[in-house]
Amino acid sequence: MNDRTDQQLLRDYAERRSEPAFAELVRRHIDLIYSAALRMVRDAHSAEDVTQGVFVALSKNARQLINHPVLAGWLHRTAQNLAANTVRSEVRRRAREHEAAAMNELLSTEPDVVWEKIAPLLDAALGELSESDQDAVLLRYFQNKSAREMAPLLGTTEEAAQKRVSRAVDRVRELLAKRGVTLGAGGLVVVISANAVQAAPAGLAATISSAIVATAITITATTTTATAITKAVAMTTLQKVLITTTVAVAVGTGIYQTRQT
């Protein structure tokens, strides 16, 4: 294997899935790739992940690389791309963690202050969401539905439901930021979950239900009375017609008899 070129080894692997050929390619280039990855990501475990990712990509693209003149160049560029993605992901992860820590500290010290800033603006922001995004936020954070419970209600998959919630939360953050309130996604979720739904006064539900039932009964009674009145008016009119007709017949008969006499 040592005397074979990279292209020959790739051909063996691409056409016959030769494990020894691929193992030789890994042996030849792993130090180069790991060293480059370590320089870029500055973490041994992440460098290992990048190195593994490079050789996974090589396995998938072996057939297209058979005639590639310098395999080391392709491997290095692939390592650069994967390392850059890793660094970006790590930066975003650390930013989220920092944001969450700062928000948790703020919420632990001044939770009411944060909520007082958001409360007057929250419903207006929710109103600017699309109907589907608004439904997702309400189900998740106002009714405490899980992604599994949300999926059939939204007519989608669990994964799509969760993505819709995340997108909607980001949109709410943007809308709040335009109104002068800046919060991270994690902090916004914590605040909404803790404060958005307040218990209604005791007895209010019973009062509303009783009032609605009483109103319904009144409407029904009024409708019944109106129907009765209508029938009475109709009967009175009919009676008037009958009486008028009877009188007219009687008068006509009297006149006829008088003329006969």
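The values are calculated or read from the model by the stated rules, or taken from the named source; none is laboratory data. None of the values given here were measured: they were computed from a predicted structure. When we count neighbours, we look across all protein chains shown, and the Cβ atoms used for this are built from the backbone with ideal geometry, even at glycine. Ligands, DNA and RNA are excluded from the accessible area calculation, which covers all protein heavy atoms including side chains. Shrake-Rupley method; radii C 1.70, N 1.55, O 1.52, S 1.80 Å.
Some points to look at:
- Scan of region 172-212 for residues that are assigned to a helix (DSSP H, G or I), aliphatic (A, V, I, L, M), open to solvent by 50 Å² or more (accessible area, probe 1.4 Å) and at pLDDT below 80, ordered by number: VAL190, ALA194
Here's the yes/no breakdown for (1) charged (D, E, K, R); (2) more than 39 Å from the chain's Cα centre (by Cα); (3) modelled with pLDDT of 90 or more; (4) closer than 30 Å to ALA194 by Cβ:
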position	(1), (2), (3), (4)
ILE33	no, yes, yes, no
ARG42	yes, no, no, no
VAL50	no, no, yes, no
PHE55	no, no, yes, no
PRO69	no, yes, no, no
VAL91	no, no, no, yes
ALA95	no, no, no, yes
HIS98	no, no, no, yes
SER108	no, no, no, yes
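- Scanning region 126-171 for residues that are surrounded by 17 or more Cβ atoms within 10 Å (Cβ to Cβ) and among the small types (Gly, Ala, Ser), we see that the one that is farthest from ILE192 (Cα to Cα) is ALA151.
- Close pairs from region 7-29: first closer than 13 Å to ALA72 by Cα and buried (at least 21 other Cβ atoms within 10 Å of the Cβ), partner at pLDDT 90 or above and of a type in the set (Ser, Thr, Tyr), Cβ under 9 Å, at least 6 apart: LEU25/TYR13
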